[in-house]
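Undergrad: Sending over a structure as structure tokens; questions will come in a sec.
The values are calculated or read from the model by the stated rules, or taken from the named source; none is laboratory data. Fair warning: this is a prediction, and the values are worked out from it, not measured in the lab. Cβ placement follows ideal geometry from the backbone for every residue including glycine, while neighbour counts extend to all protein chains displayed.
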Amino acid sequence: MKNFLKKFTFEYKHQKALTDFKVKMQRLYNLGDDELKYVYITIQTKYEKKKDMLTLSLFVIALATIMNVWNKFFTFIKMVFEYTETLSGNYYDVVKISIEISFIIAASITVVVLAYVLKTMKDIRELKKKITMIESVIEERK
């Protein structure tokens, strides 16, 4: 039990990260010059692509915000209310289901977009760390 709880301490996480770093650096030191250049170029290309995709995603989100996409969502809900008021009878269930479906769709889209942006940011951070490690190895070889 004590070992399990130890995994959540800062010292344990720091030690594990340091061990992983040393293993990765040793792998990079063991690569030949050509292979190291190939790995560097490949990771640099992935990094630039991820950065471009994140920029594009944030631009699309900003554009959607400027175009007031959520206003269309609320306008749809308002139309559902107005339509059901014109009908005779008890259409409370129709309104309730329409609103629930609308909120589920809106929340799902928001969560998916947010998850994508956060995942891309994490990938960019990891790629930048790898690039810095490779650059460190290249500098030491000079």
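Undergrad: Answer with yes or no whether Phe103 is in contact with a Ser or Thr (Cβ under 8 Å, 6 or more places away or on another chain), surrounded by 11 or more Cβ atoms within 10 Å (Cβ to Cβ) and farther than 29 Å from Asp20 by Cα.
TA: Criteria not met by Phe103.
Undergrad: Quick one: in segment 89-124, which of the residues that are over 9 Å from the mean Cα position of the chain (by Cα) and among the polar types (S, T, N, Q) is farthest from Met53 (Cα to Cα)?
TA: Result: Asn90.
Undergrad: Working only within segment 82-93, note down all residues that are out of contact with any helix residue (DSSP H, G or I) (no Cβ under 6 Å at 6 or more places or on another chain) and either among the charged types (D, E, K, R) or modelled with pLDDT under 75 (or both).
TA: Taking segment 82-93 and keeping what is out of contact with any helix residue (DSSP H, G or I) (no Cβ under 6 Å at 6 or more places or on another chain), we get 82-83, 85-90, 92-93.
Within segment 82-93, Glu82, Glu85, Thr86, Leu87, Ser88, Gly89, Asn90, Tyr92, Asp93 meet the criteria.
Undergrad: Conditions: (1) within 28 Å of Lys130 (Cα to Cα); (2) loosely packed, with under 12 Cβ neighbours inside 10 Å; (3) among the basic types (Lys, Arg). Lys37 meets all but one. Number of the miss?
TA: Unmet condition: (2).
Undergrad: With respect to Phe8, is the statement that it is among the aromatic types (Phe, Trp, Tyr) and not assigned by TED's automatic domain parsing to the domain that holds Val112 true? Let's see the steps before the verdict.
TA: On the way: among the aromatic types (Phe, Trp, Tyr): yes; not assigned by TED's automatic domain parsing to the domain that holds Val112: yes.
The answer is yes for Phe8.
Undergrad: Out of all the residues in segment 61-68, is one or more more than 22 Å from the chain's Cα centre (by Cα), at positive phi and in the same structural domain as Ala115 (by TED's automatic domain parsing)?
TA: Yes, some residue in segment 61-68 is more than 22 Å from the chain's Cα centre (by Cα), at positive phi and in the same structural domain as Ala115 (by TED's automatic domain parsing).
Undergrad: Among the candidates Lys46, Lys72, Lys7, single out the residue that is out of contact with any Ser or Thr (no Cβ under 8 Å at 6 or more places or on another chain), closer than 30 Å to Ile131 by Cα and modelled with pLDDT under 90. Please lay out each step first, then the result.
TA: Working: Lys46 fails: modelled with pLDDT under 90; Lys72 fails: closer than 30 Å to Ile131 by Cα.
Only one candidate passes the filter, namely Lys7.
Undergrad: If I filter segment 40-60 down to residues being farther than 11 Å from Leu127 by Cα and surrounded by 14 or more Cβ atoms within 10 Å (Cβ to Cβ), which single residue comes out as nearest to the chain's Cα centre (by Cα)?
TA: So, considering only residues that are farther than 11 Å from Leu127 by Cα and surrounded by 14 or more Cβ atoms within 10 Å (Cβ to Cβ), the one nearest to the chain's Cα centre (by Cα) is Leu54.
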